[in-house]
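Below is one structure, written out as structure tokens; the observations come after it.
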Amino acid sequence: MLNLLIPVIILVGLILFGISIYNKLVRNRNMMEEGFSGVDVQLKKRHDLIPNLVNTVKGYASHESETLEKVMAARAQAMQGGSAQPNNLSDAMAQENMLSAALGKLMVVVENYPDLKADANFRELQTQLSAIEGDIEKSRRYYNATVRDYNISVESFPSALVANWGGFKKGEFFELEDHNERSNPTVTF
């Protein structure tokens, strides 16, 4: 009887261990998806703010239409992709990076218009955009932390065995594409 009981106990223990690993993988994947939805919400806020910003700039700098059109085109392209899924971020990241670059060029153009910089409406929009950019950064950081934890679960032994069996794939980090943003700025006097 004891010879039969020991293998049954070991088998039940292995099954329970496998179930706990599977549940951990599901929990980590759900946290990753929830983290991405936070990034997605912040990006939507930025997309919603851009038309107001462009219209305000247009009133002061109407002959800068090429820059304004590029910003709106980049916004449209970023929104056209809709909500990206955490498993396929490459296109969404590229589009959002293009939008960030276009917004950066718009802010450079704004520097040439002191009346625009003095406009209370523009200053409020600029403050909102700055706050949203900070929120995007925080959301991306949280999302990337959840991706890291999920990927560790997917790749480490013995959970990698359960991950392969359960069809869990590595998550993709939301990273900067512009390598110039990674380097330190050079300050000369």
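The values are calculated or read from the model by the stated rules, or taken from the named source; none is laboratory data. Model, not experiment: these values are computed from the prediction. Note that we place each Cβ from the backbone using ideal geometry, even for glycine, and neighbour counts take in every protein chain shown.
For region 52-69, indicate whether the set of residues that are farther than 30 Å from residue 109 by Cα, among the polar types (S, T, N, Q) and more than 21 Å from the chain's Cα centre (by Cα) is non-empty. The answer is no, given that none of the residues of region 52-69 is farther than 30 Å from residue 109 by Cα, among the polar types (S, T, N, Q) and more than 21 Å from the chain's Cα centre (by Cα). Contact map, region 7-18: residues that are surrounded by 10 or more Cβ atoms within 10 Å (Cβ to Cβ) paired with residues that are among the aliphatic types (A, V, I, L, M) and in a helix (DSSP H, G or I), Cβ distance under 7 Å, separation 6+ or inter-chain. Pairs shown: 18/162. State all residues of region 120-158 that are out of contact with any helix residue (DSSP H, G or I) (no Cβ under 7 Å at 6 or more places or on another chain) and among the small types (Gly, Ala, Ser); if no residue qualifies, say none. Across region 120-158, the qualifying residues are 120, 130, 131, 134, 145, 156. Going through (1) at negative phi; (2) at pLDDT below 85 one by one, residue 145 falls short only on (2).
Among the numbered conditions (1) touching an Asp or Glu at 6+ places or on another chain (Cβ under 9 Å); (2) of a type in the set (S, T, N, Q); (3) surrounded by fewer than 17 Cβ atoms within 10 Å (Cβ to Cβ); (4) closer than 30 Å to residue 147 by Cβ, the only one that residue 112 does not meet is (4).
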